[in-house]
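Chemist: Structure in C-alpha cells, see below.
The values are calculated or read from the model by the stated rules, or taken from the named source; none is laboratory data. Quantities reported herein were computed from a predicted structural model and do not represent experimental measurements. As a convention, Cβ positions derive from the backbone with ideal geometry for all residues, glycine included, and neighbour counts pool all protein chains shown.
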Amino acid sequence: MNMTFATSLYPATGKRPIFKIINPFTCNAATRRNFTVRRNFSCSATVATDITARVSEFEIENKKNDLLRLVQDTQRGLVTTPDQRSSIEEALVSLEGYNMGESVDMVRLDGTWRLQYTSAPDVLVLFESAARFPFFQVGQIFQKFECRDQSDGGVIRNVVQWSIPTLLEEQEGATLLVSAKFNVVSARNIYLQFEEISIQNIRISEELQALIAPALLPRSFLSLQVNEP
C-alpha cells in the first residue's frame with residue numbers, strides 16, 4: 001500500500017456549535033415542570049456530546065503529533081526501515097479510523113498541503129535521484145486542492161520545487177507543476193483526469209547571472225569603436 005502523508009499549510013477554521021438556552025421560569029408552574037425535565041435531558045445530551053467531541057479532537061491531535069514524530073527523520077520516506085514503515089502505517093490507519101466512512105469534506109480539503117512522508121515509488125525516485133546525483137536537488141513538494149465551492153470534485157495541482165546547483169537557485173530554482181481534475185467516487189477514492197504539465201518560476205543562480213550578464217549588456221558607441229579593427 002502506497003501512502004502519502006501531508007500537513008496543511010492553510011488549515012480550515014472549524015466553527016464551534018452555538019447553543020441557545022431558554023429560561024424555563026417564564027412559563028407557568030405546570031408547563032415549567034414538564035419543560036424542566038426536557039431541558040435537563042437536552043442539556044445532558046448537549047454536554048455529553050460536547051465533551052465527547054472535545055475528547056475526540058484531543059485524541060486526533062495526539063494521533064497527528066505521533067504520526068509526525070514517526071516520519072520526522074525519514075527524509076520524507078526515503079530512509080526508512082521495515083519496522084518504521086510498519087509503525088507509520090499503523091499510526092496512519094489509526095488516525096484514519098476517526099472519520100472512516102465519512103464523505104470527503106471539500107472545505108477542509110481545499111488548500112495547499114506539504115508532503116511530509118510518502119511510500120509512492122514515483123515520488124521516492126525523485127528523492128533517490130537527488131541523493132545519488134549532486135547536480136540535482138528536490139525542494140519542497142506540495143499538493144494544492146481547489147475545491148472549496150465544489151460538492152464532488154475540483155482541481156488538484158502537484159507542485160515540485162527542484163534545482164540544478166550553480167545554474168539555478170538552491171532548492172527553488174524551478175517549479176514543476178502537474179494539474180489534473182478530480183472527482184470523488186467514494187469516501188476514500190478520487191478519480192483523476194490529467195490536464196497539463198509545465199515548468200514555471202525558473203530562477204537562475206547569482207553565479208550564472210554574473211557569468212552571462214556582461215555578454216547581454218548593451219554596447220556603447222565608444223566600446224564599439226574600441227573593438228573595431
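Chemist: Within region 145-175, track down each residue that is under 17 Å from the mean Cα position of the chain (by Cα) and among the hydrophobic types (A, V, I, L, M, F, W, C).
Modeler: Hits for region 145-175 are Phe145, Cys147, Val155, Ile156, Val159, Val160.
Chemist: Let me ask you something else. Which numbered condition in (1) over 25 Å from Ala130 (Cβ atoms); (2) aliphatic (A, V, I, L, M); (3) modelled with pLDDT of 90 or more is the only one that Leu70 fails?
Modeler: Here Leu70 meets the rest and fails (1).
Chemist: For region 87-108, enumerate the residues that are surrounded by 14 or more Cβ atoms within 10 Å (Cβ to Cβ) and within 16 Å of Lys64 (Cβ to Cβ).
Modeler: Ser87, Ile88, Glu89, Ala91, Leu92, Leu95, Arg108 - these are the residues of region 87-108 that are surrounded by 14 or more Cβ atoms within 10 Å (Cβ to Cβ) and within 16 Å of Lys64 (Cβ to Cβ).
Chemist: Failed condition for Asn62, given (1) modelled with pLDDT of 90 or more; (2) surrounded by 13 or more Cβ atoms within 10 Å (Cβ to Cβ); (3) in a helix (DSSP H, G or I), with all others met?
Modeler: If we test Asn62 against (1) modelled with pLDDT of 90 or more; (2) surrounded by 13 or more Cβ atoms within 10 Å (Cβ to Cβ); (3) in a helix (DSSP H, G or I), just (2) comes out false.
Chemist: Something else: Conditions first: (1) out of contact with any Phe, Trp or Tyr (no Cβ under 6 Å at 6 or more places or on another chain); (2) among the polar types (S, T, N, Q); (3) at pLDDT 50 or above. Asn28 passes all but one, so which condition is the exception?
Modeler: Going through (1) out of contact with any Phe, Trp or Tyr (no Cβ under 6 Å at 6 or more places or on another chain); (2) among the polar types (S, T, N, Q); (3) at pLDDT 50 or above one by one, Asn28 breaks only (3).
Chemist: Suppose we keep only residues that are part of a loop (DSSP other than H, G, I, E, B) and touching a residue at least 40 places away in the same chain (Cβ under 8 Å) within region 134-148. Which one would you say is surrounded by the fewest Cβ atoms within 10 Å (Cβ to Cβ)?
Modeler: Arg148
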